[in-house]
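What follows is one structure encoded as structure tokens, with my remarks underneath.
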């Protein structure tokens, strides 16, 4: 699915460049890639961070794994091949969003290191921030907000990450968050500070 099948196409450059868009928004585009087991708190933190950024006057948007599978990626399942294509597409969308100057937050299990590495390469190292929700499996399973772990343990779901399909933890993420120790609000503060230190947003004035 990564080969270009269309013919007679040409990349067109517009009259407005990224710097102009970022000056308009008073921020720099970025993709915050939240990865972790189901129930690790990815979506909750993502939406909390989005709200915090908007409250600070920044344009931010969440690409949530389940929501994306209702539209853009509704033709993909959960095989290794489909997971790879799922992440590839989001990497491409994230690249476009970063170019617009938007701070985008994704919440995908994205269990394979190779797929996340491709997303980082696509977006660019300066704009890609990998955030590992390193919440223990037993905590995730206890929460089980969608009842998926229970079904996986009962054999009703096959290839479920953390049970009978592997999760490959990030080796050098930009941030590590354990939601069994940090609240979503505390995590959002940590990630805002990460963006400040990277020069994507300005620090709040005292």
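The values are calculated or read from the model by the stated rules, or taken from the named source; none is laboratory data. Just so it is clear, the structure is predicted and the values come from calculations on it, not from any experiment. Positions of Cβ are generated from backbone atoms using ideal geometry, with glycine treated the same way; all protein chains shown enter the neighbour counts.
Tell me, yes or no, whether region 192-204 has at least one residue that is touching a residue at least 12 places away in the same chain (Cβ under 8 Å), in a strand (DSSP E or B), surrounded by 21 or more Cβ atoms within 10 Å (Cβ to Cβ) and under 16 Å from the mean Cα position of the chain (by Cα). Scanning region 192-204 turns up no residue that is touching a residue at least 12 places away in the same chain (Cβ under 8 Å), in a strand (DSSP E or B), surrounded by 21 or more Cβ atoms within 10 Å (Cβ to Cβ) and under 16 Å from the mean Cα position of the chain (by Cα). The lone criterion from (1) over 19 Å from residue 40 (Cα atoms); (2) part of a helix (DSSP H, G or I) left unmet by residue 189 is number (1).
Would you confirm, using the coordinates I've provided, whether residue 53 is under 26 Å from residue 183 (Cα atoms) and modelled with pLDDT under 95? No; evaluated as a whole, the condition is false for this residue. Pairs meeting the criteria (first residue in region 155-168 and farther than 19 Å from residue 114 by Cα, second residue at pLDDT 90 or above and surrounded by fewer than 18 Cβ atoms within 10 Å (Cβ to Cβ), beta carbons under 8 Å, at least 6 apart or on different chains) are 157/151; 163/153.
Looking at 58, 51, 70, just one residue is surrounded by fewer than 18 Cβ atoms within 10 Å (Cβ to Cβ) and either assigned to a helix (DSSP H, G or I) or touching a residue at least 24 places away in the same chain (Cβ under 8 Å) (or both), and that residue is 51. Among the numbered conditions (1) surrounded by 13 or more Cβ atoms within 10 Å (Cβ to Cβ); (2) closer than 17 Å to residue 48 by Cα, the only one that residue 162 does not meet is (2). Closer than 22 Å to residue 186 by Cβ, outside any strand (DSSP E or B), touching a residue at least 40 places away in the same chain (Cβ under 8 Å) and under 14 Å from the mean Cα position of the chain (by Cα), is that true of residue 40? Against the criterion (closer than 22 Å to residue 186 by Cβ, outside any strand (DSSP E or B), touching a residue at least 40 places away in the same chain (Cβ under 8 Å) and under 14 Å from the mean Cα position of the chain (by Cα)), residue 40 qualifies. In the set (1) loosely packed, with under 13 Cβ neighbours inside 10 Å; (2) under 18 Å from residue 38 (Cβ atoms); (3) at pLDDT 95 or above, residue 170 fails one condition alone, (1). The residue that is surrounded by the fewest Cβ atoms within 10 Å (Cβ to Cβ), counting only those in region 127-159 that are at positive phi and within 22 Å of the chain's Cα centre (by Cα), is 159.
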